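Heads up, the thing below is written out as C-alpha cells.
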Amino acid sequence: MDYRAVFAKKDTQTSQSEALAGMTENSAGGYAYPVNDWTRLNRFLILGSEGGTYYVGQRPLTIENAKSIERCIDEDGVRVVETVIAVSDEGRAPKNDPALFVLAMAAGLGDEDTRKAAFAALPKVARTGTHLFHFAHFIEGFRGWGRGLRRAVANWYLAMDAERLSLQLVKYKQRDGWSHRDLLRLAHPKTEDADRRALFGWTVQPDNDNAVQQAAENFRLIDGMIKLQGVTDASAAVKIIRQYSLPREAVPTKLLNERGVWNALLEDMPLTAMIRNLGKMSTSDIGLLTNGSKAANYVADTLRTKDALRKARIHPLTLLTAQKTYAVGRGLKGKLEWAPVSSIIDALDDAFYKSFSNIEPTGKRIMIALDVSGSMQQRIAGSAIMASEASAAMALVTAACEKHVHIVGFSAGDDWNPIKHFGKSKPANRYWEPGIKPLPISAKQRLDDVQKVIAQQTFGATDCALPMLYAMDKNLEVDAFVIYTDSETWFGDIHPVEALRKYRQKTGIAAKLVVVGMTSNGFTIADPNDAGMMDIVGFDTAAPSMISDFIRGESQ
Ligand code: CA
C-alpha cells in the first residue's frame, strides 16, 4: 500500500469529498470554506435569495441569510446600515428589496444607535413610493409602529423635494397592502409649507373638491393629470402631456394605445420606463420604434449616455434582461409581439458595459474561468438570466478592457485522464466531455449571442480545481485566476486551493485567485487566510473594478 497517497504533510492533495482545515460541507456534498457574515451580507444585498439556489430553496436560503444578517446587526448594527447605504444608494444591486429588508431588520432588531442610523437612512434607501411601501411591509415583521418609526416615515414625506414627492404620489399609489394615504395617516407629518400641505390633503382626501383644487393649483403635474382625465381625443391628450410633461402613470389606460401619446411621453420619459417599454413602443400598433426612426435614434442615444444610466441607477442585469427579451421580439408573458430594432439591441449592449463602475486595466495575464456546471443554470436575483450566462456577460466587462484575458468554461472530469474517475468502461454520460475548455466568446460579440453560446455548454458535475490544473497542464502563465462559481465544488481529487498552491510552486508565479460568488449561499473556494485570494460578490456593479484593483494589488 502507498501510505503516502493517503496521508502526507508535503506535496499533498486532498479529495474534495474531504475537508481541509477550516472547511465546511457545502450543499453539493463537497467541502469549501464558509464565508464570514459580512461577506454573506453583501451577497444577500446584491443577489438576494429570490428563487433560492440549485441546492437550497428560496425559503431556507432566506432564513440562513437572515440569521447571518442578525449576527452582523448584533456585532455592529451601524456598520450594517452603512453597508446597506453603500449598496443601495450607488445602485450596485439589481433589486432594492434586499436593502430595504436589511434596513427594516436593523431598524427593528438593532440597538438604539443602529435604529437611529436606520431611520436616518430611510430616504436614501427608500427612494420611491414603492420602496417605502416595501419597507413598511418588511418592518412590521420586526417591530411595531412606535414613535421612532412614525417619525422616520413622516420625515420621508417632509425631506423630499416637493415636486419630486408629487411625482411619487402620482406614480406609486399602493403596494404590499400600503398606500400613501395609510402612511400619511399613521405618520402625521407636520408642516407649515403650503405646497406640501396641499399635497398631503389631496392624498388623504382624493375626493374632496377643495383638496383637489388646492393640489392642482400648487402642482403642475397634478393639474395636468386632472385635465387629462376624461380626454378621449389623442391629439388633445398629446397637447396636455407635452404642456405638463406628464409621465405614463398619469395617462388613462385607453390612451396608451396611441402612437402620438407614446411619442409625447418619450420626450421626458425616465430611463427606467424607457427600458421597460421598448417592446411596447416597437409593436406594430404603436410603431414608434422602427429601424431608422427618429424615436429609435433618440432611444439608442439616450441608452448610451453614461450619466443618465448612473443617475437612474440602471443596473447591468436589468439591461442584460431587457436585451434578451427585446431581441426575441416577444414579451415574457407572451402578450406583446414586436419587431426588434437592431440599433436598440446594440445600444443595450453598449449600455451594459457602461453601467459598471470604471475599470482601470491591470495589464496582467488573467484567466477567467466560468463554472458552467448544472447548478449554474439557476436564475439569478429573480431574473430570467442563468448564473452561468450572467457570469459570461460579466467576464466580458473585464475582457473588454484587458489585453491578456483567456476565458474558459468548466464543469468536471478531465480530458487527459478520464479513466481515473470511471474505470475502463466508458459510461454514457456527459462527464466524458472535456471538463474544461476555452469558450468561443469575446467582448466583440453581442451579449445575446454570448448567452446562446453559454446556454449550449455541457452541464454536469463541478470541479473548481480544473482552471489551475488546466493552466499547469497547458503551461499557461497566469497572474490571476478569476473564477465565477457558486463554490458548490465536489468532484475533484484535489481542492482548488491546493491546485493553486501547486501552480504557484511549479511556475514561480504568485498567482492570485478571485472568487466571484454567483449565489447568496455561505461558501467559497477561496482560503480566507491567504492574502492572495479574494471573494467578490457577483453582479455587483463594482465587481469588475474590485477585481482589477485586487489583481493590480491595490486592495485585499
Ligand atoms: Ca455545480
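The values are calculated or read from the model by the stated rules, or taken from the named source; none is laboratory data. Just so it is clear, the structure is predicted and the values come from calculations on it, not from any experiment. Every residue, glycine as well, gets a Cβ built from its backbone with ideal geometry; the counts of neighbours run over all protein chains shown. Accessible surface is based on the protein model in full, side chains and every heavy atom, while ligands, DNA and RNA are left aside. Shrake-Rupley method; radii C 1.70, N 1.55, O 1.52, S 1.80 Å.
Observations
- Other residues lying with their Cβ under 12 Å from the Cβ of Pro206 contribute a combined charge of 0, Lys and Arg counting +1, Asp and Glu -1.
- Excluding the site residues themselves, the longest part of the chain lacking any GluC sites (Glu not before Pro) in a DSSP loop with at most 14 other Cβ atoms within 10 Å is 193-476.
- C-alpha center-to-center spacing [the range 134-197, the range 54-106] in angstrom: 22 Å
- Translational diffusion coefficient (Stokes-Einstein; Kirkwood radius from C-alpha pairs) of the range 321-379 at 10 °C, 1.306 mPa s, in µm²/s: 107 µm²/s
- Subset of Lys171/Lys227; Lys280/Lys333; Lys324/Lys403 violating a 18 Å alpha-carbon distance limit: Lys324/Lys403
- Span from the the range 260-298 Cα centroid across to the the range 508-537 one, whole angstrom: 43 Å
- Axis angle, to the nearest 10 degrees, between helix 58-89 and the longest C-alpha principal axis of the chain: 70 degrees.
- When shorter helices are ignored and each DSSP H run of at least 4 residues is given -39500 (n - 2.57), the per-residue value for the chain at 222 nm works out to -15000 deg cm²/dmol.
- Additional length obtainable on full extension of the chain from Ala510 to Asp346, 0.36 nm per residue less Cα span: 55.1 nm
- For the range 1-92, chymotrypsin sites (Phe, Trp or Tyr not before Pro) meeting the loop criterion (DSSP other than H, G, I, E, B) and having at most 15 other Cβ atoms within 10 Å: Phe7.
- Within the accessible surface of the chain, defined with a 1.4 Å probe on protein heavy atoms only, the carbon and sulfur portion equals 47 percent.
- Protein-only accessible surface order, largest first, of Lys124, Lys311, Lys364 at 1.4 Å: Lys311, Lys124, Lys364
- Looking at the chain, the DSSP beta bridges with both ends there are about 35 percent antiparallel.
- Förster radius 22 Å - calculated FRET efficiency between Ala384 and Ile63, Cβ distance, rounded to 0.05: 0.30
- Kirkwood Rh, angstrom, the range 1-152 [1 / mean 1/r, Cα pairs]: 17.2 Å
- Across all Cα pairs in the range 215-359, the calculated P(r) in 10 Å bins from zero up to the longest distance comes to 12, 39, 32, 15, 2, 0 percent per bin.
- Environment charge at Asp89 (Cβ cut-off 13 Å; Lys +1, Arg +1, Asp -1, Glu -1): +4
- Other-chain or far-sequence residues with amide H under 5 Å of Thr524's (modelled H): Tyr33, Val35
- Exposure ranking of His404, His131, His315, His188 by accessible area [1.4 Å probe, largest first]: His188, His404, His131, His315
- Estimated FRET transfer efficiency (Arg446, Asp89; beta-carbon r; R0 30 Å; 0.05): 0.45
- Rounded D (µm²/s) - the chain, Kirkwood Rh over Cα pairs, Stokes-Einstein at 20 °C, 1.002 mPa s: 83 µm²/s
- For Asn155 and Lys306, the FRET efficiency from 1/(1 + (r/R0)^6), where r spans their Cβ atoms and R0 equals 35 Å, is about 0.60.
- Added length on full extension, which subtracts the Cα-Cα distance from 0.36 nm per residue, Asp268 to Glu477: 70.1 nm
- Bridge orientation summary for the range 300-420: considering DSSP beta bridges with both residues in this region, about 25 percent are antiparallel.
- Per residue, the solvent-accessible area of the range 1-159 (1.4 Å probe, heavy atoms of protein chains only, all protein chains present) comes to 47 Å².
- Using the Karplus relation 6.51 cos²θ - 1.76 cosθ + 1.60 with θ = phi - 60°, the per-residue 3J(HN,Hα) values for the range 41-54 come to 4, 4, 4, 5, 4, 8, 9, x, 10, 4, x, x, 10, 4 Hz, with x marking Gly and Pro.
- Working ranking of peptides 283-290, 537-544 by packing, defined as the average number of other Cβ atoms within 10 Å per residue, highest first, is 537-544, 283-290.
- Loop trypsin sites (Lys or Arg not before Pro), the range 168-252, which have at most 13 other Cβ atoms in a 10 Å radius of their Cβ (DSSP): Lys190
- Kirkwood-based Rg to Rh ratio, the range 75-159, C-alpha trace: 0.92
- Evaluating 6.51 cos²θ - 1.76 cosθ + 1.60 at θ = phi - 60° for every residue in the range 280-294, the Karplus couplings come out as 4, 6, 9, 5, 5, 4, 8, x, 8, 9, 10, 3, x, 5, 4 Hz, glycine and proline recorded as x.
- For Cys401, the accessible surface of its heavy atoms amounts to roughly 40 Å² (probe 1.4 Å, protein chains only, rounded to the nearest 10).
- Ratio of the Cα radius of gyration of the range 453-556 to 2.2 N^0.38 Å, where N counts its residues: 1.06
- Vicinal HN-Hα couplings computed from phi for the range 298-315 (Karplus, 6.51 cos²θ - 1.76 cosθ + 1.60; Hz; Gly/Pro x): 4, 5, 4, 5, 5, 4, 8, 8, 4, 4, 5, 4, 5, 4, 7, 6, 6, 8
- Cβ-based net charge around Gln378, under 15 Å, with every Lys or Arg adding one and every Asp or Glu removing one: -3
- Other-chain or far-sequence residues with amide H under 5 Å of Lys437's (modelled H): Gly409
- Fully extended contour minus Cα-Cα distance, from Asp76 to His137, at 0.36 nm per residue: 19.5 nm
- Every Cα-Cα pair in the range 117-252 was counted, and those over 25 Å apart are 29% of them.
- Annotation for Ala531 and Trp145: the two label points, set 7 Å from Cα along the Cα-Cβ direction, are 5.4 nm apart.
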